[in-house]
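Engineer: I have a structure I would like to understand better, so I am pasting it below and will then ask my questions one at a time.
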Amino acid sequence: MATVDAHIEQNKDRFLNELLDLLRIPSVSADPKYKADVARCAETVKKRMEEAGLEKVEVCSTKGHPIVYGEKIIDPAKPTVLVYGHYDVQPPDPLDLWTSPPFEPVVKDGVIYARGSADDKGQFYMHVKAVEAMVKTGNLPCNVKMMIEGEEEVGSTNLGIFVKANKQKLAADVVLISDTAMIANDVPSINTGLRGLAYLEVEVVGPNRDLHSGVYGGAVANPINVLCEMIASLHDKDRKITIPGFYDTVNELSDAERAELAKAPFNEKDYMKDLGIDAVRGEKGYTTEERATIRPTLDVNGIWGGYIGEGAKTVLASKAQAKISMRLVPAQKSDAITKLFSDHFKTIAPPGVKVTVTPHHGGEAAVTPTNSVAYKAASQAMEDSFGKKPIPTRGGGSIPIVALFEDVLGLKTILFGFGLDSDNIHSPNEHYGVFNYMKGIETIPKFFAHFAEMSK
Ligand code: BES
Ligand code: MN
Ligand code: MN
């Protein structure tokens, strides 16, 4: 390891500058106006993977944004680690809330500010640099395959097709992903679960045109009022979701499992202070951490309709719309929950309006065992570099391809994330610590070494 660590130490300035260059490319997958930038980002990732010593590196086109793939097979008899990450980023809006432009990275007090710094360019690029350090010093202990996609933030649909069509190419022993967070820089942790997702859009249409709210108000169903009532009815007073059948397939954790998860340090006062709120709110009978990880949820992500310009306009809008996400837990299935929602939502519509529900992307939840060779290798690697054993925690976000890796390739995933919940991913002023970036680059080769050794 000495030479790997020395290589990292000697090249750390270049490692940081290369990441900053990558962050200058606005690879926003959701917005077609960035299509050429996304393609340019894929080409850049390909070049960097080649420079790091990966072989057969290719940009694989899909019906959407391309996937970059490369590998270094040192001995087919040795184990293979499949690294996955995503080079696409969320839209940077709202722009006026950024203190520096989202695609002009700045490093201030040891923190890199830019869209994608933590999610996921700063994290997947740690693997490119870790591979460079292992290959260039002759210390790669097993095979590595690396697949970096451009559509994670829009649901990974084309990656799903690619994985199904390339089972042989992607054959491996474990998947390694850095796209999650730890508890704190001095409290390392490893995510052992992700939630699934069902995302849909609803539309409530009333009268055939916008109406004067004095002339017609009170006599016809107002789509915005109706949408609000309908959404409000989706939770009861205990903040349970009221959709019939919603909880039927939920895997309830045992008291022992809940007690184990509760061991992770969590300070609710600090949590509220960080968010500027004076109370938490959620499903009765569960802690804040449980509500955000092992319990399913339903949230409105956007709602619009009627007049939202300056001043007042007395109008009764013809239609109202909302975007709704449900975070799912094992063994809820995204399609089944989408159908339950859709059937229920149409049922509760009052006379006088028409309701349409349009599903968007989804994904299934995933859990990782903590008794596997790969988990032990990951835990040991973190202990080596942080001087503390990482705590297993469940994560609340979603990475749709993880469940597919298991279903299609039969592979379990290690969620080897080095970010923090406070990194503002998907928000203005997204950032990633230089400490976290360098710590990841140092820790990944230790995982490879332990995994190769423990697999013998
Ligand atoms: N990296 C996140 C997921 C994440 C973040 C997991 C923090 C655990 C902790 C990922 O890029 C993401 O944002 N996923 C989307 C999924 C989607 C758009 C299909 C999500 O969770 O909203
Ligand atoms: Mn991500
Ligand atoms: Mn994301």
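Engineer: Hey, can you tell me all the residues within the stretch 379-402 that are within 15 Å of ligand 2 (Cβ to nearest atom) and either part of a helix (DSSP H, G or I) or touching a Pro at 6+ places or on another chain (Cβ under 9 Å) (or both)?
Structural biologist: Step one: of the stretch 379-402, the residues within 15 Å of ligand 2 (Cβ to nearest atom) are 395-402.
Within the stretch 379-402, Ile401, Val402 meet the criteria.
Engineer: Hey, another quick one. Restricted to the stretch 77-96, and to residues that are within 16 Å of ligand 1 (Cβ to nearest atom) and assigned to a loop (DSSP other than H, G, I, E, B), which residue is nearest to Glu43 (Cα to Cα)?
Structural biologist: Per the criteria, the residue is Tyr87.
Engineer: Take the residues in the stretch 140-157 that are open to solvent by less than 10 Å² (accessible area, probe 1.4 Å) and under 16 Å from Cys41 (Cβ atoms); name whichever of them is farthest from ligand 1 (Cβ to nearest atom).
Structural biologist: Filtering the stretch 140-157 for residues that are open to solvent by less than 10 Å² (accessible area, probe 1.4 Å) and under 16 Å from Cys41 (Cβ atoms), the one farthest from ligand 1 (Cβ to nearest atom) comes out as Met146.
Engineer: Taking Ile243 as the residue in question, decide whether it is of a type outside the set (Asp, Glu), part of a helix (DSSP H, G or I) and outside the structural domain of Ala77 (by TED's automatic domain parsing).
Structural biologist: Here the answer is no, as Ile243 does not meet what is asked.
Engineer: Do you know which of the residues in the stretch 158-185 that are of a type outside the set (A, V, I, L, M, F, W, C) and surrounded by 17 or more Cβ atoms within 10 Å (Cβ to Cβ) is farthest from ligand 3 (Cβ to nearest atom)?
Structural biologist: Among them, the one singled out is Asp173.
Engineer: Within the set of pairs 6+ apart or on separate chains, which have a first residue in the stretch 337-352 that is in the same structural domain as Asn225 (by TED's automatic domain parsing), a second that is assigned to a helix (DSSP H, G or I), and C-beta atoms under 7 Å apart?
Structural biologist: Phe345/Met230; Ile348/Met230; Ala349/Met230; Pro350/Val226
Let's see how each residue does on (1) in the same structural domain as Thr413 (by TED's automatic domain parsing); (2) among the acidic types (Asp, Glu); (3) within 16 Å of ligand 1 (Cβ to nearest atom); (4) farther than 23 Å from Ile444 by Cα:
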{"site": "Lys129", "(1), (2), (3), (4)": "yes, no, no, no"}
{"site": "Val135", "(1), (2), (3), (4)": "yes, no, no, no"}
{"site": "Asn166", "(1), (2), (3), (4)": "yes, no, no, yes"}
{"site": "Ala172", "(1), (2), (3), (4)": "yes, no, no, no"}
{"site": "Ser189", "(1), (2), (3), (4)": "yes, no, yes, no"}
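Engineer: Okay, next question. Of all residues being touching a residue at least 40 places away in the same chain (Cβ under 8 Å) and of a type in the set (D, E, K, R) in the stretch 230-259, which is surrounded by the fewest Cβ atoms within 10 Å (Cβ to Cβ)? Just the residue, please.
Structural biologist: For the stretch 230-259, the residue satisfying everything is Asp238.
Engineer: Provide a single number: the residues in the stretch 340-367 that are more than 16 Å from ligand 3 (Cβ to nearest atom) and either open to solvent by 30 Å² or more (accessible area, probe 1.4 Å) or at pLDDT below 95 (or both).
Structural biologist: Counting residues in the stretch 340-367 that are more than 16 Å from ligand 3 (Cβ to nearest atom) and either open to solvent by 30 Å² or more (accessible area, probe 1.4 Å) or at pLDDT below 95 (or both) gives 15.
The values are calculated or read from the model by the stated rules, or taken from the named source; none is laboratory data. Remember, predicted model here, so these are calculated numbers, not experimental data. Here the Cβ is made from the backbone with ideal geometry for all residues, glycine too, and neighbour counts use every protein chain on show. The protein model used for the area step is the full one, side chains on, heavy atoms only, and it has no ligands, DNA or RNA in it. Shrake-Rupley method; radii C 1.70, N 1.55, O 1.52, S 1.80 Å.
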